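These notes are about the structure you will find just below.
Please treat every number below as a calculation from the coordinates, not as lab data. Here the structure is a predicted model, which is why all the values come from computation and not from measurement. Here the Cβ is made from the backbone with ideal geometry for all residues, glycine too, and neighbour counts use every protein chain on show.
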Amino acid sequence: MQNLFFFFFSLRENFPKAPFLYTKLKQFLGDDLVNFDHGPHGPWKAHRTLVNPAFKTSALRGMSSIFSQEAIKFTKKLLAQSKTSPDVSHNFCDEIDKLTLNIISLAGFGYDVGAQGLGEANPFLSALQEVFVEAAKPRLMVPYIGYFMKWQNRRILKTVNDVLYRVIDERIQERLEGRQDSGRVADLLDMMMKPGDDGQQLTREELRNELVVFYLAGHETAANILNWTLVEVVRHPEVYANLMDEINSAMGPTGDEGVVCPTLDQLQDMPYLELVLNETLRLYAPFGSVNRVVPETFEHKGFVYPKGMAISSSILLIHRDPELWPEPEKFIPERHTKANSAERHPFAFFPFSGGQRICIGKNFFFAEAKILLVTMLRSLKFEVDQSKPLAVLTSQKGLLKPSANWLKVSSVM
C-alpha cells in the first residue's frame, strides 16, 4: 500500500506531530524545533523563523570552509594510514560518525570536540554521546519517564550544559560589547542569535536546546547517508566511473597538489553527484517513517479518519514501492533527473519529511555531504574488504544504519 494519504495531510499545517515520543524527549532534553507543536497556538513557527537564517545558502557558504577543513584533515589521515598499513581496512561507520560529529560541533558553535584525534576523549564529547544513548532507549516510551531520566542523567547533562552555556554566554557578551572574534567563521549559533524582523530573539535556554537537537538530528543521520553512498558507489563500478568523470571534469585531472576540496561553484557543475545522493536517500532515508495526528475527523478517498488517530507513513516502503519505483531495490541515480521525476508524485520521494515540517537541515546536509564525498573520492580509491561482513540494512535508534562498512583505501595517484 502506498500510504498516499500522507501526501494529502503532510501539506496541511494543522496536522501536528504525534505527541507521544516528542513529549518524552521534551521532558528529557527540552523544547526545540523537533518536538514543538506546529499548530496555530504553538511556538514552532516563531522558532522556525528565527532559526531559518542559519540554514540559508549564504550562511552555508560561509560554513563551507569548516566542511573543507575537516574533509582535508580526514582524507590526509586516511592517506597516511594507507601508506603505513596498505592492507588494513577501516570500518567507515565509526570513522565517518566521528567526522560528522566534529563538523556539527564546529559548524554549530565553533567548538572542536577532537573526535578525529587520537588523544584522550573530550569529557564534553563523552557526555554528549551518553545523552545520545539515553535519548534512544525504549524506556523513553514510559509515561513521565523523561523527567526521571533528566534527574538520573543530571551529571552528564551538566557536563554538556556547562560547555554549551559557556559558549553561548561568551557570544552574548561579545554582542553586548559590540565585538566578535575576527578569526571565527560565523556558525549556526551566531546566526540563531540574530533577532527577527519583529525584534524577537531566542533565549539562552532556547539556543542551548536547538544546539542539542542539531547534534541529535544532524551528525548520525549524515554519517549514515555518507556511509550508504560509499557502499553503493563502490558496489556499482559504472556509477563510480561516472562520478569520477564528473568530478575530474569540474575540478580538472588529479595532479600533485595534494588533497583539494571542491569550491561551491565547482559543486554546481556536478549534477550527477546530486543524483547519486538522492538515490541513496531513496533507499536509505534518514528515518524510516513519519507520524502525524488527526486534529479533527475528516474523510479522504472514502476513508474516515477520526480525531486523535495517529497516522504513520513509512518512508522506507514508499521509497521502495514498485508502482512508484520500477525495480526498487536497484541503485539507479538516473531516476532523479528532472525528466524522470516530472511525472512522479511529489511525495513519492520525501527523505527529509515534507510540508510544514520538512527538515531544516536539508541544505546543510547536501553542502556537507558533497564537499566530504568529492574530497575523499578525488584523493582516495575505495575497495570493499571481502574478508569482512558486507554492509546490510539495520534499524538503530529509528535510523536506517549500515551494519558495518569495511573499506580499504589507497591513493588515486
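Side notes on the structure shown:
- Look at the dipole of the stretch 5-411 built from charges on Cβ: of Leu106, Gly258, Leu207, the Cα furthest out on the positive end belongs to Leu207.
- Positive-end extreme of charge dipole, the chain - chosen from Pro86, Pro326, Ala285 (charges on Cβ): Ala285
- Hits among aspartates and glutamates - C-alpha to C-alpha of Lys150 under 13 Å, sequence gap 8 or more where chains match: Glu130, Glu134
- Only one residue of Phe352, Thr159, His336 has its Cα farthest out toward the positive end of the dipole of the chain, where Lys and Arg carry +1 and Asp and Glu -1 on Cβ, and that residue is Thr159.
- Rounded D (µm²/s) - the stretch 76-229, Kirkwood Rh over Cα pairs, Stokes-Einstein at 4 °C, 1.567 mPa s: 73
- Amide H within-cut-off set for Ala404, under 5 Å, with H built and near neighbours excluded: Val392
- Lys, Arg +1 and Asp, Glu -1 on Cβ, resulting dipole of the stretch 318-413 about Cα centre, debye, nearest 20: 360
- Pairwise inverse Cα distances across the stretch 157-209, averaged and inverted, put the Kirkwood hydrodynamic radius at 12.0 Å.
- Beyond 23 Å in Cα-Cα separation lie the following of the pairs Lys338/Lys370; Lys362/Lys408; Lys98/Lys338; Lys73/Lys388: Lys362/Lys408; Lys98/Lys338; Lys73/Lys388.
- Percentage relative contact order, the chain, counting C-alpha pairs under 8 Å, at least six apart: 26
- Note on the chain: Cα-Cα pairs beyond 31 Å make up 42% of the total pair count.
- Under the Debye formula (equal points on every Cα, no solvent term), log10 I(q)/I(0) of the stretch 195-338 at q = 0.16, 0.18 Å⁻¹: -1.05, -1.13
- A convex hull fitted around the alpha carbon atoms of the stretch 92-176 yields 119 Å³ per residue.
- The alpha carbons of the stretch 266-371 stretch over 50, 30, 21 Å along the principal axes, in descending order.
- Residues of the stretch 232-269 with amide N under 15 Å of the 7 Å Cα→Cβ point at Gln81: none
- Under 17 Å of direct C-alpha separation, and excluding same-chain neighbours fewer than eight residues apart, Lys56 reaches these aspartates and glutamates: Asp187, Asp190, Asp197, Glu210, Asp265, Glu368.
- Each label was represented as a point 7 Å from its Cα along the Cα-to-Cβ direction; for Lys338 and Trp151 these points are 5.9 nm apart.
- Cβ crowding within 10 Å averaged over residues, with 166-172, 66-72 ranked highest first: 66-72, 166-172
- Loop trypsin sites (Lys or Arg not before Pro), the stretch 316-413 (other Cβ atoms within 10 Å of the site Cβ: 12 or fewer; DSSP): Lys330
- Cα-centre dipole for the chain with unit charges at Cβ (Lys and Arg positive, Asp and Glu negative), debye to 20: 980
- Derived scalar couplings ³J(HN,Hα) [the stretch 47-61; Karplus, 6.51 cos²θ - 1.76 cosθ + 1.60; whole Hz; x for Gly, Pro]: 5, 4, 4, 6, 8, 3, x, 5, 10, 6, 4, 5, 5, 5, 4
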